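This report concerns only the one structure given below.
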Amino acid sequence: MVVEDNDLNRRLFCDVLKANGFDVDPVADGDKVLETARANIPDLIIMDIQLPGISGVDLIAAAKRESALSDIPVLAVTAFAAKGDEERIRSAGAAGYLAKPVSIMPFMSAVKELLPD
């Protein structure tokens, strides 16, 4: 599942994942994240942190509190790259962290690292 409000970034992430053989559920609206995750139980959630109206950090923490979603790894992809941001995002439950702009090779490496074989 790819959570990203920026259309270009969302399309890029989805296209790269599809080209590497993954099925993808794109989500643009932060308010639909938990509902979509509950309906589809993805193997991985790629989460933008800066979403309109809701924080990706809050969404990660909310997912980790739900038994059906708590084991799903989250890869945070964010423009927040200041000192302490990675620690704050990981402490909310993110298993991985990438700062934007994201290059394709590190993105796919992070995705593959978080998915079961």
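The values are calculated or read from the model by the stated rules, or taken from the named source; none is laboratory data. Since the model is a prediction, treat every value here as computed from it, not as a measurement. Glycine also receives a Cβ, built like all others from the backbone with ideal geometry; neighbour counts cover every protein chain displayed. Note: areas computed on protein heavy atoms with side chains; ligands, DNA, RNA excluded. Shrake-Rupley method; radii C 1.70, N 1.55, O 1.52, S 1.80 Å.
Results, tabulated for the structure shown:
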item	result
Value of [θ]222 nm, deg cm²/dmol, for the chain, DSSP H segments ≥ 4, -39500 (n - 2.57) each, nearest 500	-12000 deg cm²/dmol
Accessible carbon and sulfur surface of the chain relative to its total accessible area, %, 1.4 Å	49
GluC sites (Glu not before Pro) within region 56-117, DSSP loop, no more than 16 other Cβ atoms inside 10 Å	E66
Gyration tensor verdict on region 77-117 (Cα atoms; rounded if a/c is under 1.5, prolate if a/b is larger than b/c, oblate otherwise)	oblate
Placed amide H near L51: partners under 5 Å, 5+ positions off or other chain	G56
Of all DSSP beta bridges in the chain, antiparallel share, percent nearest 5	15
For region 1-62: accessible area per residue (Å², 1.4 Å)	50
Fraction in percent of alpha-carbon pairs per bin - 10 Å, the chain	14, 53, 31, 2
